[in-house]
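All remarks here apply to the structure that follows.
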Amino acid sequence: MPKGKLVSGIVTNMLRYEGSIWRPPSEARSLILQATVGCSHNACIFCVSYKDKRFRVRGAKGIEADLEMLPHSLKRGVRRVFLADGNALAMTTNEMTSTLGVLRKNLPALERVGAYAYAKDLREKTVKDLEQLRAAGLGIVYLGLETGDDELLRWCRKGVDSRELVEACKKIRVAGIPLSLTIILGLGGLERSERHARATAKALNEIDPEYVGALTLMIPQGTPLYEMTQRGEFTPMRPFEILQELRTLVAGLELSNCVFRTNHASNYLPLGGTLSRDKKRILETLDTVIAEHDDSVLRPHGLRGL
């Protein structure tokens, strides 16, 4: 999200953000506060979000300083907070608990706090730790699964394998914190497409999250993947190839009560529903669009975004 955008009716340039700020689509109406700066991993070949930042923790003191800058009349109405940057759960359990306490103290109408997480940062956190964070007010965790294919995870320098991703997500689920996962369509190119889709469906089925968002690969300048594409070492998939991969993924999903969406700006075709109820409808829509091969129903490439 660009600096200075309206969040919860608040002009965010009232606060001292460092660099560009990114948030999930579902946090569009949240007050965004920078609990950490940058990403503790910051090595994925497709990501440009935090390349201009060195990771550090601002924590409870940083958040408290930010909130002191806002008028009481404004803080009184804040119902949702998103803790940026890339993975606020890199903070220790005690620091995160203190940060959540600062939010509760200063925002009387607060209903939910969300944050990004990275699987490696959850290695040292136990289910008990996460239960403590849930009790302190952590209401949803967003995590980039990207793929369930170990070969592809190594290739894109994710820094974890599928087993680590699944186990980290299971901890969050057992702790009772709602979990929203993202996967990236087209990540492996056409050659790895089917394997990527099937392995990702398998991982998602094991985790059984409340929310899944499918993004489509974007290749911005400044990323290693952009350089690889320029050298001809990677060929992006075409739109209808992406939709076929999406169909393979959805066909393989067996989730108990998951909201599935492709509403991110990177996608060619916005779809959504609760899979236990709407899977057949989503597959039928994909079959029709793929069969008709009509470009006019797709989001134009120039209107796609990160």
Check your understanding: Here are some residues: 254, 210. Which one is in the same structural domain as residue 275 (by TED's automatic domain parsing), touching a strand residue (DSSP E or B) at 6+ places or on another chain (Cβ under 8 Å) and either among the aliphatic types (A, V, I, L, M) or in contact (Cβ under 8 Å) with a residue 24 or more places away in the chain (or both)?
Key -> 210
Review point. Among (1) out of contact with any strand residue (DSSP E or B) (no Cβ under 8 Å at 6 or more places or on another chain); (2) not in a loop (DSSP other than H, G, I, E, B), which single condition is residue 77 missing?
Key: (2)
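Give segment 178-196 a look and list any residue that's part of a loop (DSSP other than H, G, I, E, B) and surrounded by fewer than 20 Cβ atoms within 10 Å (Cβ to Cβ), or say none. Give the steps one after another, and end with the answer.
Taking segment 178-196 first, the residues part of a loop (DSSP other than H, G, I, E, B) are 178, 186-192.
Once the filter is applied, which keeps residues that are part of a loop (DSSP other than H, G, I, E, B) and surrounded by fewer than 20 Cβ atoms within 10 Å (Cβ to Cβ), segment 178-196 yields 178, 189, 190, 191, 192.
If you check residue 183 against the conditions, is it over 25 Å from residue 131 (Cα atoms) and touching a residue at least 24 places away in the same chain (Cβ under 8 Å)? Outline the logic, then answer.
Working: over 25 Å from residue 131 (Cα atoms): yes; touching a residue at least 24 places away in the same chain (Cβ under 8 Å): yes.
Judged against the criteria, residue 183 is a match.
For residue 58, indicate whether it is of a type in the set (D, E, K, R), farther than 30 Å from residue 160 by Cβ and free of Cβ contacts under 8 Å to residues at least 60 places away in the same chain.
Numbers: of a type in the set (D, E, K, R): yes; farther than 30 Å from residue 160 by Cβ: no; free of Cβ contacts under 8 Å to residues at least 60 places away in the same chain: yes.
In short, no.
Mind checking which residues of segment 80-110 are part of a loop (DSSP other than H, G, I, E, B) and closer than 21 Å to residue 126 by Cβ? Break it down into steps so the answer makes sense when it comes.
Applying the first criterion (part of a loop (DSSP other than H, G, I, E, B)) to segment 80-110 yields 85-87, 91-92, 107-110.
Scanning segment 80-110 gives 87, 91, 92.
With free of Cβ contacts under 8 Å to residues at least 60 places away in the same chain and within 30 Å of residue 248 (Cα to Cα) as the only criterion, which of 102, 141, 113, 81 stands out?
Numbers: 102 fails: within 30 Å of residue 248 (Cα to Cα); 113 fails: within 30 Å of residue 248 (Cα to Cα); 81 fails: within 30 Å of residue 248 (Cα to Cα).
Testing whether each residue is free of Cβ contacts under 8 Å to residues at least 60 places away in the same chain and within 30 Å of residue 248 (Cα to Cα) leaves just 141.
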Exercise for review: Run residue 169 past the list (1) in a helix (DSSP H, G or I); (2) surrounded by fewer than 17 Cβ atoms within 10 Å (Cβ to Cβ); (3) within 19 Å of the chain's Cα centre (by Cα); (4) not small (Gly, Ala, Ser) and report the number of the one that doesn't hold.
Suggested key: (2)
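Within segment 19-43, how many residues turn out to be in a loop (DSSP other than H, G, I, E, B) and of a type outside the set (Ser, Thr, Tyr)?
Quick first cut of segment 19-43, residues in a loop (DSSP other than H, G, I, E, B) only: 19-24, 28-30, 35, 38-43.
Subsequent filtering for residues that are of a type outside the set (Ser, Thr, Tyr) retains 19, 21-24, 28-29, 35, 38-39, 41-43.
Matching residues across segment 19-43 total 13.
The values are calculated or read from the model by the stated rules, or taken from the named source; none is laboratory data. Only a predicted model underlies this, so the values are computations on that prediction, with no experimental measurement involved. Please note: Cβ atoms are built from the backbone with ideal geometry, for glycine as well, and neighbour counts cover all protein chains shown.
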